[in-house]
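Heads up: the structure comes next, in structure tokens.
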């Protein structure tokens with residue numbers, strides 16, 4: 001069965017710790033950062049400041065660009081509501097003071113993500129892959145629209161392809177999805193893959209482990 005394009009960002013699949021937090025850490029978003037950050041978005045440090053702020057990642061990756069991690073929610077003092085709001089995404093406005101962001105930056109973390117085109121094949125496992133922002137995040141659900149594309153040996157790319165997600169299962173605690181599930185047709189575009197961090201502040205890239 002062919003897959004359907006319905007990206008959801010980077011969803012934790014394995015790593016240190018356990019659900020639901022997976023040892024997430026606290027970081028900051030500037031209250032004047034008007035770009036929305038969605039649950040499952042990859043985030044990067046704001047370069048040129050000493051504040052430790054993060055922002056939504058883009059598709060531009062040149063050395064020494066590194067990830068800060070994957071965004072999984074935030075809290076902030078709402079200017080309009082006059083109270084602290086807990087949210088799975090940062091809408092880009094309505095905060096008085098800094099926004100407290102929750103980010104997964106475990107260097108051993110692995111994530112489920114959808115290919116933006118593809119398919120990403122078994123021959124690409126071990127190569128690196130880029131973020132794809134073709135689909136926007138959903139402001140109703142707060143869920144990311146990020147996917148991945150452009151598998152290559154480029155050492156500066158942010159993520160590493162670990163495995164394909166198929167009905168035959170992969171070597172992770174979550175096991176295999178049900179037969180016929182969206183994303184499990186590895187011969188069709190928009191298949192699901194498992195990726196790990198390649199370039200992140202808590203870990204430097206290790207090149208690639210398989211040829212293309």
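Residues 154, 35, 66 in ascending order of nearby Cβ atoms (within 10 Å, fewest first): 35, 154, 66. All distinct Cα pairs of the range 89-136 go into the 1/r average, and the inverse of that average, the Kirkwood radius, is 14.6 Å. Spin-label model, residue 6/residue 187: points 7 Å from Cα along the beta carbon direction are separated by 2.3 nm. Fully extending the segment from residue 32 to residue 96, taken as 0.36 nm per residue of separation minus the present Cα-Cα distance, adds 22.1 nm. Note on the range 25-104: Cα Rg divided by 2.2 N^0.38 Å, N the number of residues, gives 1.05. Reported value for the range 108-197: 111 Å³ per residue, from the convex hull of its C-alpha atoms.
The calculated P(r) of the range 14-154, using every Cα pair and 10 Å bins from 0, goes 11, 39, 35, 12, 2, 0 in percent.
Since every read-out is calculated from the coordinates, none of them should be taken as a lab result. This structure is a prediction, so every number in the text was calculated from the model and none was measured. All Cβ positions, even for glycine, are placed from backbone atoms using ideal geometry, and neighbour counts span all protein chains on display.
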